[in-house]
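**Student:** This structure is in structure tokens; I'll ask about it shortly.
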Amino acid sequence: KFEPTSNYNRLDLNDLSIGTEENKRSEVFGLKNFLRPGDIRQFLYELTPKEASQSPSDKGMEELGRLEMAWKSIMGEPGRLHSLVNMSQWKLPPPQEILVAAVNVPDEVTLETPF
């Protein structure tokens with residue numbers, strides 16, 4: 001389970017129930033996960049800043065949230081891991097400018113029609 005800080009909105013991309021009945025929840029790996037030794041599960045979340053003016057490269061935005069994992073061993077022994085996820089763990093590529101130039105523009109364009 002991932003809980004973002006108050007600076008971010010989270011979209012859980014592991015939930016496949018979009019477009020289904022509200023009470024039905026469908027996850028990528030099912031509601032119960034069974035992992036054998038050596039198995040790997042990767043979960044995906046989309047984070048967007050709550051304020052559009054905030055950039056992920058701002059110092060105040062470095063802390064992304066808290067990741068919590070819980071499990072039980074074959075013998076039923078519980079295990080738990082809590083981790084803070086921080087943007088400084090990854091290096092963001094420097095922003096690059098994109099130049100866009102119109103090569104050909106028609107003299108007339110009809111509304112709502114591809115040109």
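**Student:** So residue 73 fits all but one of (1) modelled with pLDDT under 75; (2) among the small types (Gly, Ala, Ser); (3) more than 19 Å from residue 9 (Cβ to Cβ); what number is the exception?
**Tutor:** Condition not satisfied by residue 73: (1).
**Student:** Of the residues that sit in the range 23-70 and are within 20 Å of residue 1 (Cα to Cα) and acidic (Asp, Glu), which one is modelled with the lowest pLDDT?
**Tutor:** This residue is 27.
**Student:** Under 6 Å between Cβ atoms, at least 6 apart or on separate chains: pull out the pairs that start in the range 97-113 with a residue that is assigned to a loop (DSSP other than H, G, I, E, B) and end on any residue that is open to solvent by 100 Å² or more (accessible area, probe 1.4 Å).
**Tutor:** 106/115; 109/115
The values are calculated or read from the model by the stated rules, or taken from the named source; none is laboratory data. Only a predicted model underlies this, so the values are computations on that prediction, with no experimental measurement involved. Every residue, glycine among them, receives a Cβ derived from its backbone with ideal geometry; neighbour counts consider all protein chains shown. Side chains included, ligands, DNA and RNA excluded: accessible areas come from the protein's heavy atoms. Shrake-Rupley method; radii C 1.70, N 1.55, O 1.52, S 1.80 Å.
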